[in-house]
Amino acid sequence: MSAILPVNKNTRIGWIGTGVMGLSMCGHLMDAGYPATVHNRTRAKAEPLLVRGATWAASPRAVAEASDVVFTIVGYPEDVRRVYLAEDGVLAGLGAGRIAVDMTTTSPSLAAEIFEAARKKSAHTLDAPVSGGDVGAKNAALSIMVGGEAEAFEAVRPLFERMGRIIAHQGAAGAGQHTKMCNQIVIAGTMIGVCESLLYATRAGLDPQGMLGSITKGAAGCWTLDNLAPRILKGDFAPGFMIDHFVKDMGIALEESRRMGLTLPGLELVHGLYVEAATAGHGRDGTQALFLALKKLSA
């Protein structure tokens, strides 16, 4: 592989995927002074960045041709495959020594496939999924889990530090995605516990706010209680992270677990409940809308 280009104040940033998360994340890099070239399937969603001075590119390939480090955060594994490996994809335009960083949650095997395809072009890729939702993205407080070459990781670290607070290199290509699967497995179990707790409190005649005041600082304390339980009580089911995407993530984790000979009955249960929630019309709501599906079961 070619030597990795160092990151400095003149580094040109490319960004593909300006949705709920990507818009804030790219914005932090622009705030730090890095010039950005952006692309999104729907141009209107990139408009806030264009107004701030970002340059529009017509394709992922055009983004890569204009950039030293390209970031992507899109929806599904098939989107990642198209964005990277299509004729007008990132790898078609990524020069030797340049780095592409996929921050989508996708399959570890796809991350490894993209890494190998880039290596043949003397370019470099990292898989760097994140946790923290829309709040973490807005506050530059994400947890970033990275797989790929250690040298590429160290080169990009200054850019990661503009977007997150917990940044860790987990190993070879695909290791970042495996770590994110561990994260999603924990979230699945936590989310059902939080939603069932709120249902129980309501049925028992408790003041849910008062109940939360008691349990959030004890052994039950967690990010979901602090950030999503209050939204549920307000009837706010807008997506920080959509149910459709969480169903996708849990499906990847179950597929990987089967490949490794693991049985994860808790994850299978929560995955099935979320599939029901999506079928009931909540797919584009936030993951906290599991509460509505569970409430319906107890109606």
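Condition check ((1) surrounded by 24 or more Cβ atoms within 10 Å (Cβ to Cβ); (2) within 28 Å of residue 231 (Cβ to Cβ)) across all residues:
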| residue | (1), (2) |
| --- | --- |
| 124 | yes, no |
| 135 | no, yes |
| 146 | yes, no |
| 151 | no, no |
| 154 | no, no |
| 166 | no, yes |
| 172 | no, no |
| 180 | yes, yes |
| 183 | no, yes |
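Taking residues in the stretch 233-261 that are farther than 15 Å from residue 287 by Cα, and partners anywhere that are assigned to a helix (DSSP H, G or I) and of a type in the set (Ser, Thr, Tyr), the pairs with Cβ atoms closer than 9 Å and at least 6 places apart or on different chains are 256/109; 259/109. Restricting to the stretch 56-85, and then to whatever is of a type outside the set (A, V, I, L, M, F, W, C) and under 18 Å from residue 159 (Cβ atoms), can you tell me which residue is nearest to the chain's Cα centre (by Cα)? My answer is 72. Counting only helices (runs of 4 or more DSSP H) that sit wholly inside the stretch 195-244, those with at least 2 residues that are at pLDDT below 95 and under 20 Å from residue 134 (Cβ atoms) are 223-227. Against the criterion of being surrounded by fewer than 18 Cβ atoms within 10 Å (Cβ to Cβ), among the basic types (Lys, Arg) and assigned to a helix (DSSP H, G or I), residue 284 does not qualify.
For the stretch 38-61, the tally of residues that are touching a residue at least 12 places away in the same chain (Cβ under 8 Å), more than 18 Å from residue 91 (Cα to Cα), assigned to a loop (DSSP other than H, G, I, E, B) and not basic (Lys, Arg) stands at 2.
Select from the stretch 252-281 the residues that are among the small types (Gly, Ala, Ser), buried (at least 17 other Cβ atoms within 10 Å of the Cβ) and either within 17 Å of the chain's Cα centre (by Cα) or closer than 23 Å to residue 176 by Cβ (or both) and list them in ascending order. Answer for the stretch 252-281, where residues must be among the small types (Gly, Ala, Ser), buried (at least 17 other Cβ atoms within 10 Å of the Cβ) and either within 17 Å of the chain's Cα centre (by Cα) or closer than 23 Å to residue 176 by Cβ (or both): just 253.
Assigned by TED's automatic domain parsing to the domain that holds residue 145 and closer than 20 Å to residue 176 by Cβ: is that true of residue 80 in this structure? Taking the combined requirement at face value, the residue satisfies it. Residues in the stretch 203-210 include none that are crowded, with 17+ Cβ neighbours inside 10 Å, assigned by TED's automatic domain parsing to the domain that holds residue 262 and among the aliphatic types (A, V, I, L, M). Using the structure shown, decide if residue 112 is assigned by TED's automatic domain parsing to the domain that holds residue 160 and over 17 Å from residue 128 (Cα atoms). In short, no.
The values are calculated or read from the model by the stated rules, or taken from the named source; none is laboratory data. Just so it is clear, the model here is predicted, and its values are computed rather than measured. Reconstructed Cβ throughout: ideal geometry from the backbone, glycine too, with neighbour counts over all protein chains shown.
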